[in-house]
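Okay, structure first, notes after.
The values are calculated or read from the model by the stated rules, or taken from the named source; none is laboratory data. Small disclaimer: the values here were computed from a predicted structure and weren't measured. Using ideal geometry, Cβ is built from the backbone for each residue, glycine included, and neighbour counts are taken over all protein chains shown. Each accessible area value is taken on the protein alone, full model and side chains, heavy atoms only, with ligands, DNA and RNA left out. Shrake-Rupley method; radii C 1.70, N 1.55, O 1.52, S 1.80 Å.
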Amino acid sequence: MKINASKMATPIEEKVDQNLKTRTGMVMISDGKSKPELARLHLSMEMITIQKQDTTTPAPTPTNATHPPIESKERMVQITRQKVGGLGLSIKGGAEHKLPILISRIYKDQAADATGQLFVGDAIIKVNGEYITACPHDDAVNILRNAGDIVVLTVKHYRAATPFLQKQLSRETPESDNDATCAELKADENWKSVNSSRPVSISSEPENRWIDLVSVPLMMAYVTRYIYGTDKLRPNAFEVRGLNGTTTGIIHCDDLAILSQWLKYITDNVVGLTSLQMKLFNRNFPVGERIEYMGWVNEGVINNHISWQSYKPRFLVLKGTEVMLFDSPPLNVTGLTKANVAYKVYQTMFRVVKESETVDSRQHCFLLQSSGHEPRYLSVETRQELLRIENSWNAAIVTSVIKLGRKTFAVSHHGKTGGLTLDWQAGFSLTEGAEAAVIWQYKFSQLRGSSDDGKSKLKLHFQDHETRTIETKVCSLHPGVNLFVVTCFFVFA
């Protein structure tokens, strides 16, 4: 196919192979400083790849099932676990080393060898349909060990890793430590050039081929149209940054319709993969402690010494009764305990910032304000993502209030000290004095509205079941009791 370099972007083509959908199209790529160059964008469910065109005349290769695949396409291979030897393979790599899960050894005459379809250098993408591309090495071992007797692996061959792994096998020594092997592999010259290795053609005729320049995994990837760290929107361009630190560079599309399509397809894949990872995490938690949302946001960092505001990517997680911010996504359950910032949802106010209130050119902004902390100014890329967060927040508030069950706030009522109690089962009540005498009590169903002065005074409007009249109750919160914390409870009463 001859490419017309005068046209920057071409319509997106879709292909389906073995139930796997891929999309390709021509775009322009730059590093954000130099002149953009023509390239092809290749999108699969779990990977986005930048490719360049090359014409080669490769030597013919025999089609023998005992040879590794000549093209790095995804393959599905079924293995029947054996009582002795299990799956009959060993793995290296893992997310903690920013490497895929690679098959490093296949044991002769055991299960993997018997398939004739698995090879040293194959990267395992899925186990029984579940992605393991973001798994650390030990987690991947456990997933394979507990995958059942019939195991379906989705794999993709990495030719650049094969010579190194085979050289390791030829040493005829016990398998080396995974950390040491990964360090050696990343230093190996063949692996360093993996993104520029040429796919081998099975034809001896000259033909156009596509060379992979860089591949970015989409699991929990960061997609943005903004110039990194600023509120400046790139005209007709975007960038994708992977969990492993790789980046596509700046992808330019002169056609806004094509740009929007690419952003939707890529974002949909990222959201889908992140949702799968969220489900894997949630297997470890009871209902009240599960994750409601995971995704990237940008936090505005106000600097008093400069006139503009900078932004830092943060990974937001809503889990159980907590909202957490990470500098990088958690890779496992233990990582979820290492948030840079963690607030209780029921002590935090979430507020969408109106367009007229935004501090700069960033759109789709919201505030998180927790008791005793400075407010955090955050933004996302799209209106849809903001709605996802808002809906997840509402669900997290409900979960938090139900789990908490009962909360009493110190108040003043007609000059006397009292307690305003919200009980998820009983409703609202106001008590006074050391004996906690009940002054008034209403059910949740009787609340018709509430209002406040933005400081401490709170008005609650209840309807009497018999007379149908509205009764207004007024109280003032004591110092140290934040009004918005109280409001969180009344919103879902």
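Structure above, values below:
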read-out: All positions within segment 406-418 that are within 17 Å of Y346 (Cβ to Cβ) and open to solvent by less than 30 Å² (accessible area, probe 1.4 Å); value: F409
read-out: Residues of segment 374-399 that turn out to be without any contact (Cβ under 8 Å) to a residue 60 or more places away in the chain, under 19 Å from K354 (Cβ atoms) and not aliphatic (A, V, I, L, M), as a count; value: 5
read-out: Selected residue [among the aromatic types (F, W, Y), modelled with pLDDT under 90 and outside the structural domain of D360 (by the TED database)] from W210, W262; value: W210
read-out: Single residue of segment 124-143 satisfying the filter (of a type in the set (D, E, K, R) and either open to solvent by 60 Å² or more (accessible area, probe 1.4 Å) or in contact (Cβ under 8 Å) with a residue 60 or more places away in the chain (or both)) that is farthest from P217 (Cα to Cα); value: D138
read-out: Residues located in segment 331-356, provided they are farther than 30 Å from G94 by Cβ and open to solvent by less than 80 Å² (accessible area, probe 1.4 Å); value: Y343, K344, V345, Y346, Q347, T348, M349, F350, V352, V353
read-out: Tally, over segment 43-61, of residues that are part of a strand (DSSP E or B) and modelled with pLDDT of 90 or more; value: 6
read-out: Answer residue from segment 359-395, given it is among the hydroxyl-bearing types (S, T, Y) and out of contact with any His (no Cβ under 9 Å at 6 or more places or on another chain) and is nearest to D327 (Cα to Cα) among those; value: Y377
read-out: Search result, residues across segment 346-364 that are without any contact (Cβ under 8 Å) to a residue 60 or more places away in the chain and either farther than 16 Å from S392 by Cβ or among the β-branched types (V, I, T) (or both); value: V352, V353, K354, E355, S356, E357, T358, V359, Q363
read-out: T421 vs. criteria surrounded by 14 or more Cβ atoms within 10 Å (Cβ to Cβ) and in a helix (DSSP H, G or I); value: no
read-out: Which listed residue, of V301, V270, is out of contact with any helix residue (DSSP H, G or I) (no Cβ under 6 Å at 6 or more places or on another chain), without any contact (Cβ under 8 Å) to a residue 60 or more places away in the chain, hydrophobic (A, V, I, L, M, F, W, C) and open to solvent by 40 Å² or more (accessible area, probe 1.4 Å); value: V301
read-out: Matching strands (runs of 3 or more DSSP E) fully within segment 430-482 where at least 3 residues are closer than 14 Å to L420 by Cα; value: 437-442, 457-463, 470-477
